[in-house]
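Okay, so here's the structure we're looking at.
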Amino acid sequence: MNSLEKHANNIRKNIVKMVANAKSGHPGGSLSATEILSVLYFEEMKIDESNVDSCDRDRFVLSKGHASPCLYATLAERGLLHDDLMTFRKLNSNLQGHPNMRSVAGVDMSTGSLGQGISAAVGMAIANKVDHNDHRIYALLGDGECEEGQVWEAAMCAAHYKLDNLCAIVDFNGLQIDGEIQDVMNPCPIDQKFAAFGWNVIVIDGHDYDQIRAAFAKARACKGQPTMILAKTIKGKGVSFMENNAGWHGVAPNEEQLAQALKELEAND
Amino acid sequence: MAKATREAYGEELQKLVQENDKIVVLDADLSGSTKTAMAKKVAPERFFNIGIAEGNMIGVAAGIASSGHPVFASSFAMFATGRCWEQIRNSIVYPGMNVKICGSHGGISVGEDGVSHQATEDMAIMRSIPEMRVFCPCDEWETKAIIRHVANDDKPCYVRLGRSAVENFFDENTKFEIGKVQVLNRGQKVAIFATGLMVQECMKAVSTLKAQGMEPTVVDVSCIKPLDEEGVVEILKQHDFVITAEEHNIIGGLGSAICEVACKLHPIKIRRIGIQDEFAQSGSYKELLKAYKLSDEAIVEAVKEYYQSL
Ligand SMILES: Cc1ncc(C[n+]2csc(CCOP(=O)(O)OP(=O)(O)O)c2C)c(N)n1
Ligand SMILES: [Mg+2]
């Protein structure tokens, strides 16, 4: 295991611990996004302790706000968040069930209502153009989230204003709450739709670090268009009994299941 | 036995779709939580999951209703009312569509999900639409009676349902006069108008207060709009002090509705218990009720304050 893989594995352990401790929260969509957030916060984004409290830096919007455990655990692993992760979802904690930018410095947008974060990310990218800075804006969406009409209004807007400083990632894990996205309300082909809306589209394996890195590099090199990275992922990745199971979207593991999950993750160390 | 009103909704809707083969049920990727999955189970051909697209769900509901089908459309109260308020106003209520918007997880008792999922303005925004009817039942039996009642008329309405289990105050045989306020406990001096989950907290408060020689009247208001003005005024006239209790912002919901009636017909001092115009937070629902002064203790305190002021 190299150091980034170690970080990602620690993030996964914290995700299951936080959700188990809170007895609520969303493990599936947090585990599917772990490699993506690890690369973003450890390599891609220009963010550190000196600028975390400012908007004068690269920013990230977790449009699928229910994956907050992944965001909090990543910020903590990167040394940008010092709250006790085990206060997640508890009364008077800064670590709200869905990200609250007013209580955590590293959270760049308050989210939780699906479809809205991507619009805010478009706004941030527009502001960066107005300010003539070269900060980049990243946003992570769920594939189910792409069923919201607002996502496509945002997509149209980003292409219209040629927001090449914006990079959206879709966590393409194939599941939403009521089942498989194809059965509930098929948003596919997501890649072709974004391409038709005028985006630069890159399809990758969302658990492959090199592919994630390469996609971000291509996005940076692309001029005159926003980039969408369609990251094929496995919901619940890393915990065998959670993988590819819609039932683990928003359910906390019990003590026994937590022990099993940690055992599997610790075996990677 | 305690049961969540969303559960009661699922059970009654399941019966209704079997009795009436015109009814169509819509959901937006939350059918397990809103309990519309129970209707899907028995009438899959008349259940449509619209996906995570609440605005579209409301527009689709309008189209189905305009073709002669009653529609039940559900999501969390936050998204079913907040995400698509303007679609509800212009495509459902203005054209008078036979659509019942049933929002589960109303109020802060949603708990750990936090502010983005805690609908504390839903009754206000639904109530402000002309002709819209707004219901907020307090237990299993009242929920079932209201759901059956609205299924049998052809007008739009909003029904607010809760996530957590609540005690029963009625039983299977209770005869409901839908739209009328119901006195659950007859006391003196202080009257409490309560809705939804707060009815349970008020009834708990009554037992504490009784032991200390104070007994307020508790009135269950399950129909916030149109409000039973006559019934409300009668209660106002019989009491010296009034409290309203709702799991909702004090602006625009039950408290406002009672104040409006009092202003017009019988001015009296009213204390509004509810979310005091602030955002709540994540936490267990019992902790949240305490923290935001919505628990039985807060009601006991409010009644005592009145007695101490005498
Ligand atoms: C507007 C809105 N509607 C409904 C919900 C409830 N909800 C939370 S997560 C979710 C499913 C999300 O699926 P997806 O976007 O695929 O996320 P992932 O699989 O990555 O967890 C739903 C319907 C919400 N948070 N916001
Ligand atoms: Mg998904």
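The values are calculated or read from the model by the stated rules, or taken from the named source; none is laboratory data. If you're wondering where the values come from, they're calculated on a predicted model, not measured in any experiment. All Cβ positions, glycine included, derive from the backbone under ideal geometry; neighbour counts span all protein chains shown. All accessible areas refer to the heavy atoms of the entire protein, side chains included, with ligands and DNA or RNA removed. Shrake-Rupley method; radii C 1.70, N 1.55, O 1.52, S 1.80 Å.
Odds and ends about this structure:
- Answer from B:GLU301, B:GLU305, B:GLU247, B:GLU297 - the residue that is under 21 Å from the mean Cα position of the chain (by Cα) and among the charged types (D, E, K, R): B:GLU247
- Of all the criteria given as (1) surrounded by fewer than 22 Cβ atoms within 10 Å (Cβ to Cβ); (2) in a loop (DSSP other than H, G, I, E, B), the one not satisfied by A:HIS26 is (1).
- Some residue of segment B:65-87 being touching a helix residue (DSSP H, G or I) at 6+ places or on another chain (Cβ under 6 Å), part of a helix (DSSP H, G or I) and either surrounded by fewer than 21 Cβ atoms within 10 Å (Cβ to Cβ) or not assigned by TED's automatic domain parsing to the domain that holds B:ARG133 (or both): yes
- Flag for A:PHE88 being surrounded by fewer than 21 Cβ atoms within 10 Å (Cβ to Cβ) and within 25 Å of A:GLU145 (Cβ to Cβ): no
- Out of A:GLY236, A:GLY250, A:GLY179, one residue alone is within 15 Å of ligand 2 (Cβ to nearest atom), farther than 20 Å from A:GLY117 by Cα and within 14 Å of chain B (Cβ to nearest Cβ). It is A:GLY179.
- Qualifying residue in segment A:29-51 (condition: open to solvent by less than 30 Å² (accessible area, probe 1.4 Å), touching a strand residue (DSSP E or B) at 6+ places or on another chain (Cβ under 9 Å) and within 14 Å of chain B (Cβ to nearest Cβ)): yes
- Qualifying residues in segment A:160-174 (those that are in contact with a Gly (Cβ under 8 Å, 6 or more places away or on another chain) and open to solvent by 20 Å² or more (accessible area, probe 1.4 Å)) - the one farthest from ligand 2 (Cβ to nearest atom): A:LYS162
- Here A:VAL184, A:VAL170 are screened, and the one residue that is modelled with pLDDT of 95 or more and either more than 17 Å from the chain's Cα centre (by Cα) or basic (Lys, Arg) (or both) is A:VAL184.
- Cβ-Cβ under 8 Å pairs, at least 6 apart or on other chains, segment A:126-146 side of a type in the set (Phe, Trp, Tyr), far side within 16 Å of ligand 1 (Cβ to nearest atom): A:TYR138/A:LEU40; A:TYR138/A:PHE60; A:TYR138/A:VAL61; A:TYR138/A:ALA121; A:TYR138/A:ALA168; A:TYR138/A:ILE169
- Count of segment A:52-84 residues, restricted to those that are closer than 26 Å to A:GLY238 by Cα and open to solvent by 20 Å² or more (accessible area, probe 1.4 Å), is 8.
- Annotation: of all residues in segment A:207-224 being under 21 Å from the mean Cα position of the chain (by Cα) and part of a loop (DSSP other than H, G, I, E, B), the one that is surrounded by the fewest Cβ atoms within 10 Å (Cβ to Cβ) is A:ASP208.
- Which listed residue is buried (at least 20 other Cβ atoms within 10 Å of the Cβ) and out of contact with any Gly (no Cβ under 8 Å at 6 or more places or on another chain), from B:ILE258, B:ILE224: B:ILE258
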